[in-house]
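Asker: Below is a structure I'd like to ask you about.
What follows is calculated from the coordinates using simple rules that are stated; it is not laboratory data. A quick note: this is a predicted structure, and the numbers were derived from the prediction, not measured. A quick note on method: Cβ atoms are made from the backbone with ideal geometry, for glycine too, and the neighbour counts reach across all protein chains shown.
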Amino acid sequence: MKFEKPKERWNLERIKADRSLINEYGLKNMKELWKVQSDVSRIRRNVRELLSVGSSSDDVKQQIIGRLTRLGVASSGTTLDNLLDLKESDLLNRRLQTVVFRKGLARSIRQARQLTVHGFIAIEGRKVNRPGFLVDAETEKHITYYRPIDVMPQKPRAAPEAENTEVTAAPEPESAHEEAADAGAESKEESSENA
């Protein structure tokens, strides 16, 4: 899939805004975000062309609105004017990685990506290992684990406290250095006695 790089690649404000989206949606790198931005730009461009042409292309209008409705980005009564307000976050919310996290199948957005890439997520019983897969609104309810996994590990159990038991302090052992010094002094005394 082709994507367009931003015109101002080193604009600090754009980089900060893109970085916040990457962290929020658990994207791997800027390239994934640029793909989504290119998709949104392509949709907006097509809608602008349809609005400029007029009512001569009702079939194409219905195709675009129908596709976005199936994805869950637009509602059934959406007009082309409303599609001009489409944002990157609308498509990012439909990615498999985000849907897995929002459904509670993973503890974090990063874990959702890892589970997806490693083949633990299935849609309608078929394994899907692409975190960027756009999930339809109807297939969202069929997302499950492909194979069993425990993503919520049990907390370590606390040691049971014994009731009414007294703990006595053991005498502190002498350090190894002191024991060696005492042994050395004793051997010197024995050698001087033997002489």
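Asker: From zero up to wherever the largest Cα-Cα distance of region 94-152 sits, split into 10 Å bins and tell me the percent of pairs in each.
Answerer: Pairs per bin, as whole percents: 27, 65, 8.
Asker: Rounded to whole Hz and in sequence order, give me ³J(HN,Hα) for region 35-51 from the Karplus expression 6.51 cos²θ - 1.76 cosθ + 1.60, θ = phi - 60°, writing x for Gly and Pro.
Answerer: 5, 5, 4, 5, 4, 5, 4, 5, 5, 4, 4, 4, 5, 4, 5, 5, 5
Asker: Got the relative contact order for region 1-106 handy, in percent, Cα pairs under 8 Å and 6 or more residues apart?
Answerer: 24
Asker: Now, a different point. Among the GluC sites (Glu not before Pro) within region 6-60, which fall in a DSSP loop and have no more than 13 other Cβ atoms within 10 Å of their own Cβ?
Answerer: Glu8
Asker: Would you mind checking Lys31/Lys87; Lys28/Lys127; Lys61/Lys87; Lys61/Lys127 for any pair whose Cα atoms are more than 27 angstrom apart?
Answerer: Pairs exceeding 27 Å: Lys61/Lys127.
Asker: What's the local net charge at Phe3, with K and R +1, D and E -1, over the other residues with C-beta under 11 Å away?
Answerer: Surrounding charge for Phe3 is +2.
Asker: How large is the charge dipole for region 94-152, taken about the Cα centre, if only the Cβ atoms of Lys, Arg (+1) and Asp, Glu (-1) carry charge, to the nearest 20 debye?
Answerer: In total the dipole reaches around 220 debye.
Asker: Related question: So, counting K/R as plus one and D/E as minus one, what does the shell of residues with Cβ under 10 Å around Val73 add up to?
Answerer: It works out to a net charge of +3.
Asker: Shifting gears a bit: Could you give the nm distance between label points at Ile15 and Arg44, where each point is 7 Å from its Cα heading toward the beta carbon?
Answerer: Reported label-point gap for Ile15 and Arg44 is 2.3 nm.
Asker: Can I ask one more? For region 78-138, which trypsin sites (Lys or Arg not before Pro) are in a loop by DSSP, counting at most 15 other Cβ atoms within 10 Å?
Answerer: Answer by residue number: Lys87, Lys103, Arg107.
Asker: Once you list every other residue whose beta carbon is under 15 Å from the beta carbon of Leu12, what net charge do they have if Lys and Arg are +1 and Asp and Glu are -1?
Answerer: +2
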